[in-house]
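All remarks here apply to the structure that follows.
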Amino acid sequence: EPTDINKLADEYLRLAYHGLRAKDKTFNATLKTDFDETIGNINIIPQDIGRVILNLINNAFYAVDEKKKQQPTGYEPTVFVITKKAGDKVLISVKDNGNGIPQKVLDKIFQPFFTTKPTGEGTGLGLSLAYDIVKAHGGEIRVESKEGEGTNFKIELPV
């Protein structure tokens, strides 16, 4: 159905943040958004793309929180959510300044049941499902990561 992707992304960013804060009062992160207002509505299944965005944001929060635990001073956990229209595509980017994903792990992150989280904390299905949902929408999902600097997940959807 026609959906305002900016509104959806913003809603899930706040939902994820407040959900995490409700569970862990010590959690804090700076949220930065840059939404392309020229996008308008795009045809998607909002609940599905919402799940993808929510998963990526939750992963980003997890990453910045882990880094904060290792480096409590002088580090400001930050999560960015960016949308952009590029020709006949809409790009959604969820970026963090956490520890990044080791190169040896990058190739496996979209595989079902693969997780880097401790036992009992992750099922390893989030990114696998995200990948399937984005593909079902005719889109692409990619990841760029630098160890020690952060990770950027990019979703590309047809308009």
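The values are calculated or read from the model by the stated rules, or taken from the named source; none is laboratory data. Since the model is a prediction, treat every value here as computed from it, not as a measurement. As a convention, Cβ positions derive from the backbone with ideal geometry for all residues, glycine included, and neighbour counts pool all protein chains shown. To get the accessible areas, we keep the full protein, side chains included, count just its heavy atoms, and leave off ligands, DNA and RNA. Shrake-Rupley method; radii C 1.70, N 1.55, O 1.52, S 1.80 Å.
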ask   = For the chain, with every protein chain kept in place, what is the accessible area per residue (1.4 Å probe, Å²)?
value = 55 Å²
message = What figure, in Å² to the nearest 10, do you get for the accessible area of residue 30 with a 1.4 Å probe and non-protein molecules left out?
response = 40 Å²
task = Name the shape class, rounded, prolate or oblate, that the alpha-carbon gyration tensor gives for the chain, where a ≥ b ≥ c are the square roots of its eigenvalues, rounded holds for a/c under 1.5, and otherwise prolate holds if a/b is larger than b/c and oblate otherwise.
result = prolate
Accessible surface ranking that places the most exposed of 115, 38, 3 first, with a 1.4 angstrom probe = 38, 115, 3
inquiry  = Checking understanding here: applying a Kyte-Doolittle mean of at least -1.0 and a length along the axis of at least 30 Å (C-alpha), which whole DSSP H helices in the chain pass?
reply    = 46-70
message = Which one, 25, 108, 135, has the greatest fluctuation when you compute a Gaussian network model over the chain with C-alpha springs under 10 angstrom?
response = 25
query = So how much accessible area does residue 137 have, in Å² to the nearest 10, using a 1.4 Å probe?
reply = 40 Å²
query = Points 7 angstrom from Cα along the Cβ direction at residue 159 and residue 147: gap in nanometres?
reply = 4.1 nm
note = Over 19 Å (Cα to Cα) among 84/146; 117/154; 23/146; 85/154; 7/67; 68/95 -> 84/146; 117/154; 23/146; 7/67
key: Relative contact order [Cα under 8 Å, 6+ residues apart], the chain, whole percent   = 23 percent
By accessible area with a 1.4 Å probe, ligands and nucleic acids excluded, highest first: order of 159, 94 = 159, 94
request  = Pop out the carbon and sulfur fraction of the accessible area of segment 13-80 as a percent, whole number, probe 1.4 Å.
outcome  = 50 percent
